[in-house]
Structures are given as C-alpha cells and as structure tokens.
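Any read-out appearing in this document is the output of simple, stated calculations on the displayed coordinates, not a laboratory observation. What you are looking at is a predicted structure, and each value in this text was computed from that prediction instead of being measured. Cβ placement follows ideal geometry from the backbone for every residue including glycine, while neighbour counts extend to all protein chains displayed.
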Amino acid sequence: MCLGSGLWFKTTAADSDNSGMQPQRTARLIDDAATMTVPDDVVVIVPTYNEAENLESIAAAVRAHGYRLLIVDDGSPDGTGEIADTLAAADEGVAVLHRRTKAGLGKAYAAGFARALELDGKVLCEMDADFSHDPSDLPRLIAAIDEGADLAIGSRYVPGGGVDDWPWHRRAISSGGNRYAALMLGIKVKDATAGYRAFRADAIRRLRPETCDASGYAFQVEMAWRASEAGLKITEIPIRFRDREAGTSKMSTSIALEAMALVTRWGWQRRFGRK
Ligand SMILES: Nc1nc2c(ncn2[C@@H]2O[C@H](COP(=O)(O)OP(=O)(O)O)[C@@H](O)[C@H]2O)c(=O)[nH]1
Ligand SMILES: [Mg+2]
C-alpha cells in the first residue's frame with residue numbers, strides 16, 4: 001500500500017489567484033453558512049479494476065470541479081495503477097491507494113474511506129470510473145449534504161432518475177435486488193444498491209465501513225441499511241445512469257449471489273434478533 005502523491009493542497013484555484021479578485025472561499029463563507037462545502041473539502045473516491053481506458057478522462061472530469069480524487073486500484077493487470085500514479089505525480093489533488101489483489105468493491109471503498117478521512121475530507125463521495133455516473137451530477141450530491149443530508153444517494157428509482165441502455169438482465173438484477181433489500185431489511189431508500197453517493201465525513205466515522213460484512217456490491221446495501229438504522233438523514237437525488245462505453249463490467253454471478261445471501265442473512269437476523 002503506498003501513496004502515489006505526497007501532499008494534498010489546501011487552497012482552491014481561486015485562493016491562490018493573485019489577480020486582486022476576492023478568493024472564492026472567502027466569498028462563499030460570507031455569502032453562506034460557515035459550514036458550506038468548498039471543492040477542496042470533497043474527496044471523490046473512485047475504485048478501479050481494469051479501467052485504463054476510462055481513468056484519465058474520469059480524473060479530468062473530477063478535477064475540473066476542483067474536488068480531490070482518490071483512486072483505489074486493486075492491482076489491475078491492464079496498467080490502471082500506473083496511469084493513476086502518473087496522474088498523481090502531476091497533480092497534488094490526486095492520490096492513489098494501491099491494493100495488491102482484487103478484493104471487491106466493498107473492501108476497496110472501506111480502505112478508500114479510511115484514507116479519505118486521514119486526508120481530512122469533509123464530504124466523501126463514491127463514484128464509478130466508467131462514466132455510468134455522470135461527474136457533472138457531483139455538485140448536486142454535495143449540495144444535498146450542505147442542505148443537511150448525512151448521505152446523498154444518486155438514485156435511479158426516484159422521479160427524474162433512470163437507467164439508459166442497460167440490458168434487461170442488468171435492470172432485473174438491479175430492481176429485483178432493490179426490492180428484495182427493501183423487503184428483507186425494511187430500508188425505505190428507493191435505490192439502496194446505488195454506487196453514486198456523497199457522505200458527510202462524520203457519517204462515515206459513525207457507520208464504520210471497515211466493519212462491513214460485504215466484500216462486493218452488497219456493501220452499498222449494507223451501508224444504506226446502517227445509515228437508515230442509525231437514523232441518519234438520507235436524501236435521494238435523481239440521476240440518469242448510463243451503461244459504460246469503454247472497458248468491461250466486473251459484475252459477476254458470484255457478486256450477485258454474495259449480495260443475495262447477505263441480504264437474506266441480515267433479514268433473518270433482523271427478524272429473529274440475532275446480530
Ligand atoms: N478497486 C476495485 N474496484 C472495483 C472492483 N470491482 C469493481 N470495481 C470498480 O467499481 C466500479 C463499478 O464496477 P463496474 O464493473 O462498472 O460495475 P457495474 O457498473 O455494476 O457493471 C468501477 O469503477 C470498477 O472498476 C474491485 O474488486 N476492486
Ligand atoms: Mg459500471
């Protein structure tokens with residue numbers, strides 16, 4: 001495990017602008033509540049496994065907003081980790097967490113959250129590397145945190161949200177998984193499997209993702225469940241989810257089965273009181 005880049009910068013582009021204009025940070029603190037998130041407070045965590053074709057453009061899209069980027073790569077054999085190191089070397093707003101082997105999306109996020117807290121992120125986002133999550137939706141998720149949410153979920157299943165160009169079997173897994181999770185766990189969230197999220201840092205400290213059971217995509221359900229059990233404020237923001245254009249999906253039968261088995265187990269534990 002090593003970091004591709006050393007220090008994070010703590011100023012925004014506007015802060016270091018010596019053109020005589022008011023720095024953006026100061027202007028916003030005067031205009032808004034003192035708790036208003038500035039771009040440098042945000043760490044967008046992007047897990048990668050074989051995303052060489054997508055990484056440079058997704059990194060550019062995140063950095064264009066001024067948000068910090070943390071790439072969590074699980075030893076991708078296609079050179080994604082090396083691309084991440086090059087990006088981090090050229091930009092101190094980009095960091096890389098290298099993990100030796102592919103251990104699943106959930107474990108990658110748990111490690112990423114721990115690192116993002118060490119880096120003093122105030123709002124921690126989850127986003128896929130493949131443009132299924134449109135980076136231009138990030139400000140809406142972060143605005144929901146500023147408006148009081150502890151967790152903002154980019155949701156496909158609230159009015160205005162949806163899925164474009166997914167094959168029928170992926171739609172079935174996604175909507176069936178959501179309905180099953182709602183039934184077994186009593187979660188009110190409409191899109192509990194969504195992987196596009198923003199968390200207030202305190203919410204992550206409370207939810208302790210490093211103690212989650214799930215290794216794969218069930219991690220998203222587990223975190224939504226924990227958040228709802230903890231009484232955190234969850235806001236769903238409509239998003240259009242698009243199928244990836246480059247690279248291949250890592251969704252597999254074993255990942256779907258892990259999710260199904262875990263949700264079933266949690267549901268039984270919930271009903272019969274064993275934790
Ligand atoms: N680090 C890491 N990233 C992963 C792993 N599995 C998936 N990802 C990443 O998680 C994101 C979502 O995966 P993807 O294959 O697009 O899933 P799909 O959109 O459900 O088909 C992508 O950025 C992947 O590269 C993993 O085991 N480790
Ligand atoms: Mg994807």
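Structure values in brief
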| read-out | value |
| --- | --- |
| Separation between Cα centres of segment 69-105 and segment 202-221, rounded to whole Å | 21 Å |
| Nonlocal amide H pairs with Cys125, under 5 Å, H built at 1.01 Å | Val43, Val44, Ile45, Phe199 |
| Alpha-carbon Rg with Dmax, taken over segment 34-93, Å | 12.2, 45 |
| Convex hull per residue volume in Å³, alpha carbons only, for segment 163-275 | 117 Å³ |
| Charge dipole magnitude, Cβ of K and R +1, D and E -1 - the chain, Cα centre, debye nearest 20 | 1540 debye |
| For the chain, built as a Gaussian network whose Cα springs stay under 10 Å, the top-fluctuating residue of Leu232, Leu70, Leu151 | Leu232 |
| q = 0.24, 0.25, 0.29 Å⁻¹, segment 94-162: log10 I(q)/I(0) [Debye, one scatterer per Cα] | -1.30, -1.34, -1.41 |
| Amide H contacts of Val189 (H built 1.01 Å from N, under 5 Å, at least 5 apart or other chain) | none |
| Gaussian network model of the chain, Cα within-10 Å springs - most flexible of Val123, Val62, Val163 | Val163 |
| With 10 Å bins from 0: P(r) over the chain, alpha-carbon pairs, percent | 7, 30, 37, 20, 6, 1, 0 |
| Shape category assigned to segment 128-191 from the gyration tensor of Cα positions, a/c cut at 1.5 | oblate |
| Percent of beta bridges antiparallel (DSSP, the chain, rounded to nearest 5) | 25 percent |
| Among Ala152, Ala203, Ala224: highest mean-square fluctuation, GNM of the chain, C-alpha pairs under 10 Å | Ala203 |
| Angle in degrees between helix 218-229 and the longest Cα principal axis of the chain, rounded to the nearest 10 | 90 degrees |
| Other-chain or far-sequence residues with amide H under 5 Å of Gly162's (modelled H) | Ile239, Arg240, Phe241 |
| In degrees, nearest ten, helix 168-185 long axis to first principal axis of the chain (Cα) | 80 degrees |
| Acute angle (nearest 10 degrees) that the helix 55-64 long axis makes with the longest principal axis of the chain, alpha-carbon atoms | 60 degrees |
